[in-house]
Amino acid sequence: MTKRRSPWLLAVTALVYIFLYAPIIVLIVFAFNSSRTNVVFEGVVNQGDCGPFYWFCQLGRNRELVAAARNTLVVAATSTVASTVIGTMAALALQRYKFPGKAYSEISLYIPIVIPEIVMGVGLLVLYSALFGFINTTFGLNGDNRLSLGLGTVILSHIAFSVPFVALVVRARLQGFDKAVEEAAMDLYANEWTTFWRVTLPIIFPGVMSGALLAFTLSLDDFITTFFTTGPGGTTLPIYVYGLLRRVTTPELNALATIWIVIVFVVLMLSQLAGRRSEAH
Amino acid sequence: MPEFAVELRNVSKRFPGPSGEIVTAVNNVTMQIKDGEFFSMLGPSGCGKTTSLRMIAGFELPTAGEIYIHDRPMGHTPPYKRPVNTVFQNYALFPHMTIGQNVGFGLEMKGVEPKEIQRRSSEALEMVRLAGYEKRMARQLSGGQQQRVALARALVNHPEVLLLDEPLGALDLKLRKEMQLELKRLQREVGITFVFVTHDQEEALTMSDRVAVMSAGNVLQMGAASEIYEKPNCRFVADFIGETNFLEGAVKAQTGRDVDVELAGGLLCRATADEGSQVVSGQKVTVTMRPEKLGLRPWQGADNVYDGRVEEVVYIGTDTHYTVVLAGDQRLRVREQNDDPLSRPLAAIGDAVKVYCDEVSARVLTE
Ligand SMILES: Nc1ncnc2c1ncn2[C@@H]1O[C@H](COP(=O)(O)OP(=O)(O)OP(=O)(O)O)[C@@H](O)[C@H]1O
Ligand SMILES: [Mg+2]
């Protein structure tokens, strides 16, 4: 059915899109700026071997930045895997077992979602300091052996705030899960382990994937929690960029953001495709 | 081969209820299911049929008592180690697998080689008239077809016992009737013991060799379909299976299984008591008479004859139902076949009639 759409509706839609995407487009365009100060656009840069991609190549030569990018990916990958496993198990446990204090454990699981992130960040910092202080003195650790903030604490913190999100997403998927299907598998000689891998997981897999993606993106761009719990050697991209902002911003930053956007865009497209495929299933 | 495929000995199952109380789903049930028979558990909603079946399958463990499958005590044996398979009420097909993978799942778990799995799966699908459906997904099939896949998925493993929990519950009436015959045919063909759960008494009667009637966690009566229908041992069974009349009275005299009951309004009834049932003079009893065993047309040697007045006439095609009011304001429903070529009613509303009944058709119930 084709219907004449109101021009007003079109205008509003266009405005919304401009509002949403204009900053991103400007950001990307300025990644190709020939002006180092990057205040006004002074034409497309064409310098060195990389031509218009000069700033992108500069990025690659920036050792600090490469290290931060690597850290970010390491943190995101590990915390995604860990929080997806833990969150999925938590969702399954909450879904199928009755145990004393279930209501409380359910609520407490979701608290990290609702409390301000800064509170969580400070809380984790206090926890690590107290814990590490205690361990260091008790076991007489000193020098390089001392436990201190760093990449490890960042990973732990990211796992902590991702688990509830994964659990929430997987639980939503489990709502429509027919437990009889698992019983059918057990009835057909599959033990608990095989039943999980052959029946339960494949059925809830789209939920687990959504949870993992959410955890991954949360970890990628987390600033606050990371800021409080990071230490030497634990600088992630958001922390690094924040540091840059206090100095001078060059189109290098825009180049970085552009790569970021492209990656996010690709991941989103892939997850959409995966979602559609599993729906068609 | 042991005589019994499944045996429940004093099996009870208690669940913690929602507010801390204890729900007894199955209460000290003992039943023996013979090898190769079509056995039904019949009873109203919540009487413990599903729970009994789930205990046989191993999804629930009895709180007390023991379950034997071909004389082997099941104890804590998990479902995947029991020689039984289940057809679930809502089929529970694996949504992420093809029909072929669904049917082959059990064999795969048993370690049968792929070629053999394929051969036996397609054989099983052929048996349920779904040959060539291997590549489809479950949700591309109709309810009746999914039902048959569920059957094939269970039967392909040649279980010692097949458990079916209201497998026809979700089908429409016509398909239901078809599947009843189909199930019966399959059972005869494969010769596997079927334990069938239903709350539909007609279904239980048409399909089963033997039926156990359950109520509130207890087995009230167990026997051949005809036995349960003709000789109910209590009011609940008589009422639940088919249609019947109940008349209250007191025992006046008794010789062996012949009992004279004095009904309300001073009517006398010559009735039959169950073998082994104890009735004494003066005892309050209920007499049950099936409407089709009563007649408005006299026959030679009818043991009981009552005068009454027709209160209602309902024509239902093959039969006509008459409600007759007797002395003492007692009502009897009488069912007469419309074998008259013109289906002329035997009596009209308000007519004075006589109701005839044989002694064997009037059964004394003590509880
Ligand atoms: N897991 C459980 N926890 C608590 N109570 C239960 C549980 N399973 C069954 N019951 C209770 O046990 C009783 C028997 O249930 P069951 O499912 O065996 O009945 P049913 O005869 O199969 O009924 P229906 O015809 O409705 O399926 C019911 O009162 C039910 O509420
Ligand atoms: Mg049930």
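The values are calculated or read from the model by the stated rules, or taken from the named source; none is laboratory data. None of these values were measured; they are calculated from a predicted model. Cβ coordinates were reconstructed from backbone atoms using ideal geometry, including for glycine residues, and neighbour counts include every protein chain displayed.
Some points to look at:
- Number of the exception - B:Q118 against (1) away from chain A (no Cβ under 11 Å); (2) among the polar types (S, T, N, Q); (3) under 25 Å from B:A170 (Cα atoms): (3)
- Helices (runs of 4 or more DSSP H) contained in region A:164-257 and holding at least 2 residues within 13 Å of chain B (Cβ to nearest Cβ), at pLDDT 90 or above and surrounded by fewer than 19 Cβ atoms within 10 Å (Cβ to Cβ): A:192-195, A:201-220
- Enumerated strands (runs of 3 or more DSSP E) restricted to region B:168-241, each holding at least 2 residues that are within 12 Å of the chain's Cα centre (by Cα) and within 23 Å of B:L155 (Cα to Cα): B:193-198, B:210-215
- Looking across region B:81-113, the residues that are β-branched (V, I, T) and either more than 9 Å from chain A (Cβ to nearest Cβ) or out of contact with any helix residue (DSSP H, G or I) (no Cβ under 9 Å at 6 or more places or on another chain) (or both) come down to B:V87, B:T98, B:I99, B:V103, B:V112.
- Condition check for B:G58: over 28 Å from the mean Cα position of the chain (by Cα) and within 14 Å of chain A (Cβ to nearest Cβ): no
- Pairs are defined by a Cβ separation below 7 Å, a sequence spacing of at least 6 or placement on different chains, a first member in region B:201-213 that is assigned by TED's automatic domain parsing to the domain that holds B:I33, and a second member that is modelled with pLDDT under 95 and basic (K, R); the pairs so defined are B:M207/B:K184.
- Exactly one residue among B:V87, B:V23 is within 16 Å of ligand 2 (Cβ to nearest atom) and surrounded by fewer than 15 Cβ atoms within 10 Å (Cβ to Cβ), and that residue is B:V23.
- Single residue of region B:55-76 satisfying the filter (touching a residue at least 40 places away in the same chain (Cβ under 8 Å) and within 16 Å of ligand 2 (Cβ to nearest atom)) that is surrounded by the fewest Cβ atoms within 10 Å (Cβ to Cβ): B:E60
- Residues in region B:212-239 that are in contact with a helix residue (DSSP H, G or I) (Cβ under 7 Å, 6 or more places away or on another chain) and within 16 Å of ligand 2 (Cβ to nearest atom): 3 in all.
- Among (1) farther than 23 Å from B:M41 by Cβ; (2) within 16 Å of ligand 1 (Cβ to nearest atom) - the single one B:D165 does not satisfy: (1)
- Odd one out for B:G75, checked against (1) within 16 Å of ligand 1 (Cβ to nearest atom); (2) away from every other protein chain (no Cβ under 14 Å); (3) not charged (D, E, K, R): (1)
- Residue list for region B:217-245, restricted to those being farther than 25 Å from B:R331 by Cα and among the β-branched types (V, I, T): B:V219
Okay, residues lined up against (1) assigned to a strand (DSSP E or B); (2) closer than 18 Å to B:Q221 by Cβ; (3) near ligand 1 (Cβ under 10 Å from one of its atoms); (4) away from every other protein chain (no Cβ under 14 Å):
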site: B:R14; (1), (2), (3), (4): yes, no, yes, yes
site: B:N28; (1), (2), (3), (4): yes, yes, no, yes
site: B:F39; (1), (2), (3), (4): yes, yes, no, yes
site: B:T50; (1), (2), (3), (4): no, no, yes, no
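- The residue pairs whose first member lies in region B:138-157 and is in contact (Cβ under 8 Å) with a residue 12 or more places away in the chain and within 12 Å of another protein chain (Cβ to nearest Cβ), whose second member is in a helix (DSSP H, G or I) and among the aromatic types (F, W, Y), and whose beta carbons are closer than 7 Å, counting only pairs six or more residues apart or on different chains, are B:R153/B:F105.
- Candidate set: region B:108-121, residues that are over 16 Å from B:V190 (Cβ atoms) and not charged (D, E, K, R); chosen: the one surrounded by the fewest Cβ atoms within 10 Å (Cβ to Cβ): B:G111
- Residue check: B:I22 meets all listed conditions (1) within 12 Å of ligand 1 (Cβ to nearest atom); (2) within 14 Å of another protein chain (Cβ to nearest Cβ) but one, namely (2).
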